[in-house]
Structures are given as C-alpha cells and as structure tokens.
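Working notes for the structure below.
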C-alpha cells in the first residue's frame with residue numbers, strides 16, 4: 001500500500017525509480033545518463049520553484065519572497081497589528097483576508113464582527129483582498145482565485161497547501177507574514193525533497209482522505225518528511241481528477257512536511273481554464289533525471305477505506321480491520337487516549353459505542369478545505385439519495401467549501417437530495433476543524449472528513465469533565481455510515497453508481513461580494529477598531545543573563561498547538577493578546593498562567609527600577625545561591641518563565657502558541673525537539689529562545705534555571721549554552737543546545753521580538 005525507500009532515489013524520465021545505492025550511477029549510465037547527485041537534485045519541481053523565488057543567490061540558504069499571502073479572521077488582526085507597529089505602509093503583494101473561522105459571530109458576537117470590520121478597513125487602507133463571511137473557506141478561495149503553477153503562497157494557517165495546482169504553499173505563524181508585508185524575506189535552509197510516487201488507480205469508494213491517511217500513518221511518527229517538501233509524481237496522478245488531488249494534498253500538513261507540489265497536466269490546465277485563469281497554468285514535471293532525498297511509494301489500488309482514530313490523524317486503521325477487531329483496537333485506542341487526556345477524573349471509552357457487535361457513531365461531518373469540495377459532496381449525495389439518515393442520535397452536517405461550490409451543488413440537485421435525507425447543509429465555515437461548529441455531546445464520537453482530530457479540537461472541555469472525540473474518514477464512507485443510520489461501515493460495503501455531474505464555476509458571487517483592493521491602497525482610510533482589538537504590549541529585550549522559573553513540564557510524546565493555546569472558545573480573543581494569554585495551557589496545565597504571572601511580577605519590577613527580589617520571597621534565596629557562583633546584579637538579570645515539552649508545536653500555525661507565553665513573561669522553551677519549523681519560528685519571532693535539551697530533564701515545576709551570558713552566546717552563534725538548575729539551595733549545571741539561527745533571527749531574539757527588531761531598523 002505505502003512503502004518508504006531507505007534512502008534517496010533517482011527518477012528517470014518520470015517513470016523509473018533507481019535507488020541511491022552502490023549501483024545507482026552504473027544503472028544511470030545504462031540509461032545514457034552521466035550526472036551527479038548535486039546536479040540531479042536541481043531537476044525536481046520544488047528546486048526550480050524555490051530557485052525562482054530565492055533572493056539570496058545561495059540555494060543552500062534561501063531568502064524567499066512570495067507571490068501572494070492569505071490569512072483568516074483569527075490571525076489577520078494580529079499580523080496587521082504587528083506590521084503596523086513595525087512601519088507598514090501598504091501591502092506589497094496580494095494579501096487575502098478571509099472570514100471563515102469566526103464567521104458565525106456566535107462565540108464572541110460583536111467582538112468577531114469588529115474583527116471583520118477591521119479587516120475590511122485594512123484591505124482598503126493597505127490594498128488587500130477581503131472575502132466576507134460565508135463566501136469561502138480560506139484554502140478553497142485560494143485554490144479557485146489565487147493559485148498558479150510555479151507560484152509560492154504563504155498563509156497564516158497550517159493547511160496552506162495548493163500543491164496539486166502546481167503552487168508551493170507554506171503555512172506559518174503570523175510573524176513570517178508580517179515580514180513579507182514589510183518587504184523582508186522568508187529565510188530557511190533549502191529543504192530536502194521527498195518524492196511521493198503515486199501508481200495505480202483507487203478502487204471505487206476509496207476517496208482522497210483514504211489515500212492521505214494511508215500516507216500520514218506511514219510517515220508521521222518516523223518523521224520521514226518532517227520539514228521537507230513532498231513532491232507528487234508518478235503514473236497514478238493521471239488517474240485522479242484535480243479535486244481528488246487537492247483532497248490528498250491539503251492533508252500533507254499532517255505529515256509535518258514544510259510544503260508540497262505536484263506535477264501538472266492537462267487536467268490542471270482545464271481547472272485553470274474553468275476558473276477563468278488559463279494564464280496561471282504551466283506544465284510542471286521533473287527533469288529527465290531528478291534526485292529525491294527519499295521516496296514514498298503509494299500503490300493506490302491497494303488502499304482501502306481508512307479511519308484515523310482519536311486522537312491523531314496518524315492513528316490509522318482500515319475500516320474493515322477496525323470492524324473485524326473492534327474490542328482489541330478500541331481498547332488500544334482508549335489506552336493511548338487516556339494518556340493524552342491526562343485527566344484521572346475522565347474515564348475515556350469507546351467500547352460503549354459497540355452495539356450488537358458494531359461500532360455506532362453519533363455524528364458525521366463533511367466540511368472545510370479537505371471535505372467540503374464539490375466531488376466529495378456529489379459522491380455523498382449519490383450514496384444517500386432517496387434514503388434517510390434516521391431519526392435517532394446520529395446527525396449529518398455538510399459544509400460546502402465555497403459559494404461557487406454551493407451554487408453548482410444546488411444546480412445539480414445534490415443539495416436537495418442531501419437535505420431530503422435529513423442531513424443539514426451549512427455555509428462555508430472552518431468551525432468543525434477547530435471546535436466552533438457541530439461540537440458533539442459529552443462522550444460523543446464524531447466521524448469527520450476534516451483535517452484534524454486532536455484532543456478537544458472538536459470543542460469539548462476535559463477540565464470541566466467533558467470529553468468527546470473525532471475519527472477522520474473520507475466523505476464517501478461517512479455517507480455510507482449515514483446510510484447505515486450511524487453504524488460504521490466503508491463506502492465499499494454499499495452498491496452505488498457515482499454520477500459525477502460536471503462542475504460549473506460561477507464567479508459572479510465573488511464579483512459581487514469580494515473587495516479587491518490590491519494596488520489601490522488608500523492611506524486616508526481609518527482603521528476600524530473594536531474594544532477587543534488591542535496593541536501588543538511592550539516586550540523586554542534580551543538581557544545578558546536570564547533567570548527562568550520552570551512553570552510547566554509536559555512529558556507527553558507530542559504537544560500540539562491546541563494544547564499550548566486552545567482553539568474554539570479562545571477564537572474571539574485572538575485580537576486581544578492579554579485576554580487570550582489567560583487561556584495558555586488551560587487544557588494541559590491550568591496552573592501555568594498563575595505561575596507565569598507571579599514570576600512576571602519580578603520582571604515588571606526590574607523594568608520599573610524596583611527591586612525584583614522583593615516580589616517573591618523565593619527569589620531572594622535563589623539569587624543568594626547564584627551570587628555564590630556568579631558576580632552579578634539582580635537588576636541586570638531578565639526574570640521570567642519557561643516551559644519544557646518533549647516535542648511541542650505539532651498542528652496549527654497559530655503564532656499565539658508562542659506569543660501568549662511571551663505576553664506572560666516567557667523567555668524560552670526547553671524541548672527535546674520541535675515538532676514543526678513553524679512553531680520554532682513563532683518562538684523566535686516573539687523573542688523566545690528555542691532551546692533543545694535531550695534526555696531526562698534535571699528540573700521540575702517551580703525550579704529555577706539560570707543561564708549566564710546568554711546574549712553574548714547568541715551574538716557569538718553558540719550552539720551550546722551552559723545553564724544551572726537552582727533548587728534546595730544548590731546549583732547544578734547542565735547543557736542546553738540550539739539549532740542554527742539566521743543572522744536576522746539572532747537580531748530578533750536580542751531585540752526581544754520582531755516588533756522591536758523592526759523599530760531598531762528605523
């Protein structure tokens with residue numbers, strides 16, 4: 001089904017793979033090819049696109065400028081506020097502001113609509129593109145209107161992926177978008193490129209989510225594609241229409257790769273022609289001999305309908321295996337889930353969902369950039385047409401991904417057919433992906449064609465004794481389960497003829513409602529502020545020495561951004577840094593905020609010229625221990641907090657996972673490794689030190705860590721830092737590490753944050 005090469009490989013004529021072993025060059029010569037690995041790696045699609053957008057002149061140290069950007073309504077306010085504070089005058093490239101996350105205005109009410117009015121006024125003032133609520137989810141709009149072959153797009157949402165359309169797109173934290181707005185670059189070492197060779201044709205009933213989950217289940221845990229570019233190649237691509245390809249591509253985010261790109265063909269050309277953008281098509285394919293740093297080989301004909309059980313997209317099984325081994329698999333899922341929930345008051349179970357030997361689910365959802373596409377919904381309608389989803393617990397909700405998609409589904413009768421079954425149809429909205437729509441009941445199990453199924457991401461609140469869970473499935477198997485009145489089954493268990501009605505793109509709704517102000521900035525426009533939209537607070541610059549109180553120690557194998565700062569109920573506070581910070585680690589460590597704020601009092605006192613030691617009796621004793629070894633003054637030591645996690649940052653690109661720690665006085669993270677580049681970048685852009693510490697941590701919650709001469713170490717490009725744990729009147733050293741920083745990243749950390757860095761440049 002899915003196989004991984006142990007090393008790299010050469011692709012010859014886009015058809016034959018030659019493993020990079022001792023005989024590789026000999027085999028190449030038999031094809032009449034004389035090359036080197038260094039030359040062959042330049043023949044990937046990814047390399048050519050990166051080269052086109054690189055401004056450094058050095059392909060190993062990239063400085064990328066993007067063609068366009070996109071943000072939604074729980075990220076664009078903070079990004080624009082950051083850029084404003086740093087000297088923003090106008091948007092230098094097309095910047096799309098969509099309203100698909102807080103669009104219901106149900107959680108937060110006026111607060112959310114104030115954000116929208118801020119966004120519209122910013123689009124007018126700085127020359128942006130504003131997509132009103134309910135018109136499109138962010139990634140569908142970008143596919144339809146902004147993608148282009150060989151283009152690069154940056155988005156402040158982790159699922160910024162348009163590779164199937166020949167566009168290399170990257171999801172990052174808001175700081176990276178602010179840099180682009182200020183004419184700066186996205187700096188990264190040239191990523192390795194992993195070939196994803198697709199062959200075969202998916203069986204009937206197997207959808208794009210099934211292919212995606214099969215890949216994720218193979219590559220996530222071993223980090224095979226982490227921070228790399230996935231390049232989709234192979235004879236199987238021609239067996240997939242573009243919607244199907246988009247459905248696979250958007251889920252590449254869950255592999256922790258940096259970006260993705262696909263070879264393009266006549267089908268992609270027709271897609272651009274259909275969307276009235278024929279000029280954006282370009283044929284993309286690897287060169288005659290291209291080198292890949294690894295190969296994911298996928299025989300799509302062997303992929304069966306899949307399910308990703310709680311609480312991660314990589315926790316995959318075939319639906320058939322799950323149904324045949326219900327008790328055993330559910331017991332294992334429960335065991336892993338209980339560790340992730342980490343709340344002894346909650347006894348998580350799924351085995352109570354077994355009824356008459358079958359697994360019963362409470363809810364089905366087909367939504368967003370992954371599930372709400374035209375083909376998915378048409379196929380679901382074919383499965384359910386003329387039937388009923390039942391009048392019991394089970395419910396089915398469907399969210400078309402854009403108004404043009406919705407219009408075509410109405411015109412071909414799919415919407416009416418689905419509504420007649422008892423399914424409910426909603427507008428374009430991302431809520432089910434992050435807990436702001438269709439939140440299941442307590443102990444509920446939801447099956448969703450969406451992007452993630454992390455703990456609590458569906459909206460439950462374990463600290464209040466609530467728990468629900470999500471399993472990811474393809475729209476076709478969700479519809480089959482709905483036909484089965486909520487009893488889990490795969491689309492291959494039913495007999496259906498997929499009609500595949502033709503799609504007609506109707507751009508009229510965008511012409512009538514989307515504000516397109518790119519190139520028409522009007523500096524006389526006043527930004528519209530609501531009372532919840534506040535400026536970023538002042539951030540301290542890095543001091544010569546740091547004294548950090550350990551305010552949380554998280555020993556889970558992976559810590560998601562949802563656990564660092566929750567989604568869902570916090571969305572309304574994304575424009576209010578201090579208000580949002582109150583939710584930091586609230587699902588994982590509810591005492592963290594109190595601990596961090598208590599030690600922050602010392603730093604505030606220091607900055608005000610007061611004695612920081614008087615704010616905390618413990619600090620005086622700690623400082624006495626430090627003075628026994630170091631000749632230093634408390635007024636010259638930055639005092640704040642730090643968290644430790646084994647592998648933080650999986651999931652969302654939201655910068656608030658880092659900025660909330662900074663707002664509360666955080667100076668650093670200690671981690672075994674960082675789950676994604678984007679989370680590490682978020683730390684850096686908010687002036688936080690991304691330390692690495694491997695092994696059993698020598699500190700506990702409430703211990704202090706002293707790091708002397710840290711500013712000099714950053715300036716001198718040190719990779720190791722001597723640190724000291726202070727506890728029980730003792731001081732013991734240990735070593736922290738830090739991966740490579742760019743020159744600008746060092747300056748940002750020294751300045752205390754991105755805003756300070758740009759102020760320094762003025």
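The values are calculated or read from the model by the stated rules, or taken from the named source; none is laboratory data. Every value quoted in this text rests on a predicted model; they were computed, and no experiment measured them. With ideal geometry, Cβ positions are generated from the backbone for all residues, glycine too; neighbour counts draw on all protein chains shown.
Brief remarks on what is shown
- Residue 500 satisfies every condition listed in (1) part of a loop (DSSP other than H, G, I, E, B); (2) touching a helix residue (DSSP H, G or I) at 6+ places or on another chain (Cβ under 9 Å); (3) at negative phi except (3).
- Matching residues, the stretch 176-209, being surrounded by fewer than 18 Cβ atoms within 10 Å (Cβ to Cβ), in contact with a helix residue (DSSP H, G or I) (Cβ under 6 Å, 6 or more places away or on another chain) and assigned to a strand (DSSP E or B): 199
- When the test is whether a residue is under 21 Å from the mean Cα position of the chain (by Cα) and under 19 Å from residue 306 (Cα atoms), residue 483 does not pass it.
- Restricting attention to the stretch 1-55, the residues that are free of Cβ contacts under 8 Å to residues at least 60 places away in the same chain, within 29 Å of the chain's Cα centre (by Cα) and assigned to a loop (DSSP other than H, G, I, E, B) total 1.
- Whichever residue in the stretch 605-618 is without any contact (Cβ under 8 Å) to a residue 24 or more places away in the chain and buried (at least 17 other Cβ atoms within 10 Å of the Cβ) and, among such residues, is nearest to residue 537 (Cα to Cα): 605
- Residue satisfying all of: in the stretch 410-428; farther than 11 Å from residue 365 by Cβ and within 29 Å of the chain's Cα centre (by Cα); modelled with the highest pLDDT among these: 425
- Residues that are in a strand (DSSP E or B) and touching a helix residue (DSSP H, G or I) at 6+ places or on another chain (Cβ under 9 Å), drawn from the stretch 724-762: 724, 726, 727, 730, 731
- Among the residues making up the stretch 421-453, those that are surrounded by fewer than 24 Cβ atoms within 10 Å (Cβ to Cβ), in contact (Cβ under 8 Å) with a residue 60 or more places away in the chain and more than 22 Å from residue 312 (Cα to Cα) are 421, 427.
- Flag set for residue 704, criterion: at pLDDT 95 or above and crowded, with 23+ Cβ neighbours inside 10 Å.
- Residue match in the stretch 622-642 (condition: part of a helix (DSSP H, G or I), modelled with pLDDT of 90 or more and buried (at least 24 other Cβ atoms within 10 Å of the Cβ)): no
- Residue within the stretch 178-195 that is at pLDDT 95 or above, closer than 19 Å to residue 474 by Cα and in contact with a strand residue (DSSP E or B) (Cβ under 6 Å, 6 or more places away or on another chain) present: no
- Within the stretch 257-297, the set of residues being within 21 Å of residue 140 (Cα to Cα), in a loop (DSSP other than H, G, I, E, B) and touching a strand residue (DSSP E or B) at 6+ places or on another chain (Cβ under 7 Å) comprises 257, 258, 263.
- Criterion applied to 658, 645, 596 was being in the same structural domain as residue 554 (by TED's automatic domain parsing), at pLDDT below 95 and touching a strand residue (DSSP E or B) at 6+ places or on another chain (Cβ under 9 Å), and the one residue passing it is 658.
- Candidate set: the stretch 262-283, residues that are closer than 17 Å to residue 15 by Cα and crowded, with 22+ Cβ neighbours inside 10 Å; chosen: the one farthest from the chain's Cα centre (by Cα): 264
- Matching option when the condition is in a loop (DSSP other than H, G, I, E, B), in contact with a helix residue (DSSP H, G or I) (Cβ under 6 Å, 6 or more places away or on another chain), surrounded by 16 or more Cβ atoms within 10 Å (Cβ to Cβ) and not assigned by TED's automatic domain parsing to the domain that holds residue 98, among 383, 389: 389
- Conditions (1) buried (at least 24 other Cβ atoms within 10 Å of the Cβ); (2) in contact with a strand residue (DSSP E or B) (Cβ under 8 Å, 6 or more places away or on another chain); (3) closer than 30 Å to residue 220 by Cα: number failed by residue 418: (3)
- Residue ID - farthest from residue 551 (Cα to Cα), chosen from residues in the stretch 695-723 that are in a loop (DSSP other than H, G, I, E, B) and in contact (Cβ under 8 Å) with a residue 60 or more places away in the chain: 709
- Filter result for the condition that a residue is closer than 20 Å to residue 3 by Cα and over 16 Å from the mean Cα position of the chain (by Cα), over 207, 166: 207
- Test: residue 529 is under 30 Å from residue 373 (Cα atoms) and either surrounded by fewer than 19 Cβ atoms within 10 Å (Cβ to Cβ) or modelled with pLDDT of 95 or more (or both): no
- Selection from the stretch 330-359 of residues that are more than 27 Å from residue 585 (Cβ to Cβ) and part of a helix (DSSP H, G or I): 330, 331, 332, 351, 352, 353
- Evaluation of residue 327 against (1) in a loop (DSSP other than H, G, I, E, B); (2) touching a helix residue (DSSP H, G or I) at 6+ places or on another chain (Cβ under 7 Å); (3) exposed (fewer than 15 other Cβ atoms within 10 Å of the Cβ) (one fails), failing number: (1)
- Residue count for the stretch 70-127, restricted to those that are part of a helix (DSSP H, G or I) and more than 17 Å from residue 567 (Cβ to Cβ): 21
- In the stretch 555-604, the residues that are surrounded by fewer than 19 Cβ atoms within 10 Å (Cβ to Cβ) and assigned to a helix (DSSP H, G or I): 569, 578, 579, 594, 597, 598, 601, 604
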